[in-house]
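Report on one structure; see the data block that follows.
The values are calculated or read from the model by the stated rules, or taken from the named source; none is laboratory data. On a predicted model such as this, the values are computed, not experimentally measured, just so you know. Here the Cβ positions follow ideal geometry from the backbone for every residue, glycine too, while neighbour counts run over all protein chains shown.
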């Protein structure tokens, strides 16, 4: 029987995962806080099913992404995500790499919730097999989707850069 | 630049705006209320179960205490129906508890939620639509066969107008109006509450299935 202490300790070590998912799926600080709480609760509820045969991080990604995708709240006006809302890094705004990163980040924010999940795991260097375990479609399908996503990102990044 | 070339930068970007929480902060979060759609449905089901039990108790009381035979039959019959409804609500609650685990693969989890929500919406709609005509027809037939005069009901009709044809028209308008009102109100309410959300989840499933079909077609060539 898993204890609350055990769960809290594990989650504390892996809380960055939840933050990454919250940052990817929510734009405002308040929404990120709400999602963080929801993911924590859902992970605690599901912790009894964690067998330890998978890595805790993979298991947590699965719970966090499931929660973010199905997060249910009262309809709000859609907030348009612009490059201005991307958290600032230390270097100046004229740095081309920085601008590229901002544009790519904004392009990722425009993706569908499913595509965001795949990109998130891809950024974490998960293999197609591992991504397929989390998403629930075959590694081949993941490869097809990933190719398509890369194309979309390339196109969107150019558009975002053109508007800067 | 491509996604692969910006991997590290993007990972850093995602990790910003991150303030470390302590174990005490995390433990405090576990005491709060969940807002997932299944948690909301569960709360809604519990509310309906409590309401059904309370209403059944009231019906049983009327069935025992009323001096009118029609009311006694009506109340006792409906207390049985309410018990059946409570049973179905418990069954739905059990299904949600069993299937609503968020550590499944994304596709399977979405499919589970959609199946459960579709069933919940269907059952809710069925109950609302079936109960009203059953209630009206049942109560009207019992009223016709009632030996004693129910003073309260008669008083209502006396106030409207004493003519028989007018009474029938009022009843008919009441039945049609209530039925149409309930039908559209329930549809609107369910769509507003869950309909758009279910449609969105179905769209995600379709998005996942789409690649599967394309991949199968591509492999076949």
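Restricting the search to segment B:94-111, which residues are within 26 Å of residue A:139 (Cβ to Cβ) and in a loop (DSSP other than H, G, I, E, B)?
Within segment B:94-111, B:101, B:102, B:103, B:104, B:105 meet the criteria.
Residue B:172 fails exactly one of the following numbered conditions: (1) surrounded by 11 or more Cβ atoms within 10 Å (Cβ to Cβ); (2) under 30 Å from residue B:124 (Cβ atoms); (3) at pLDDT below 85. What is the number of that condition?
(1)
For every residue, the table says whether it meets (1) touching a strand residue (DSSP E or B) at 6+ places or on another chain (Cβ under 7 Å); (2) touching a residue at least 60 places away in the same chain (Cβ under 8 Å); (3) surrounded by 19 or more Cβ atoms within 10 Å (Cβ to Cβ); (4) more than 21 Å from residue A:27 (Cβ to Cβ).
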position	(1), (2), (3), (4)
A:117	no, no, yes, no
A:122	no, no, yes, yes
A:129	no, no, no, yes
A:134	no, yes, yes, yes
A:137	no, no, yes, yes
A:141	no, no, yes, yes
A:144	no, no, no, yes
A:148	no, no, no, yes
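State whether one or more residues within segment A:53-65 are surrounded by fewer than 19 Cβ atoms within 10 Å (Cβ to Cβ), in a loop (DSSP other than H, G, I, E, B) and within 8 Å of chain B (Cβ to nearest Cβ).
No, every residue in segment A:53-65 fails to be surrounded by fewer than 19 Cβ atoms within 10 Å (Cβ to Cβ), in a loop (DSSP other than H, G, I, E, B) and within 8 Å of chain B (Cβ to nearest Cβ).
Would you say residue A:98 is surrounded by 15 or more Cβ atoms within 10 Å (Cβ to Cβ), modelled with pLDDT under 85 and either over 14 Å from the mean Cα position of the chain (by Cα) or under 23 Å from residue A:38 (Cα atoms) (or both)?
Against the criterion (surrounded by 15 or more Cβ atoms within 10 Å (Cβ to Cβ), modelled with pLDDT under 85 and either over 14 Å from the mean Cα position of the chain (by Cα) or under 23 Å from residue A:38 (Cα atoms) (or both)), residue A:98 qualifies.
For residue B:116, which of the numbered conditions (1) at pLDDT below 80; (2) surrounded by 13 or more Cβ atoms within 10 Å (Cβ to Cβ); (3) under 28 Å from residue A:59 (Cβ atoms) fails to hold?
(1)
Please count how many residues of segment A:94-125 are part of a loop (DSSP other than H, G, I, E, B) and under 20 Å from residue B:102 (Cα atoms).
1
Confirm whether residue A:131 is closer than 21 Å to residue B:102 by Cβ and more than 8 Å from chain B (Cβ to nearest Cβ).
yes
Tell me which helices (runs of 4 or more DSSP H) are completely within segment B:1-93 and hold 1 or more residues being more than 11 Å from every other protein chain (Cβ to nearest Cβ) and over 30 Å from residue B:144 (Cβ atoms), or say none if there are none.
Answer list for segment B:1-93: B:37-65.
Does residue B:63 satisfy being modelled with pLDDT of 85 or more and surrounded by fewer than 16 Cβ atoms within 10 Å (Cβ to Cβ)?
The answer is no for residue B:63.
Report the residue count in segment B:27-60 for those that are touching a helix residue (DSSP H, G or I) at 6+ places or on another chain (Cβ under 7 Å), surrounded by fewer than 16 Cβ atoms within 10 Å (Cβ to Cβ) and closer than 13 Å to residue B:92 by Cα.
0
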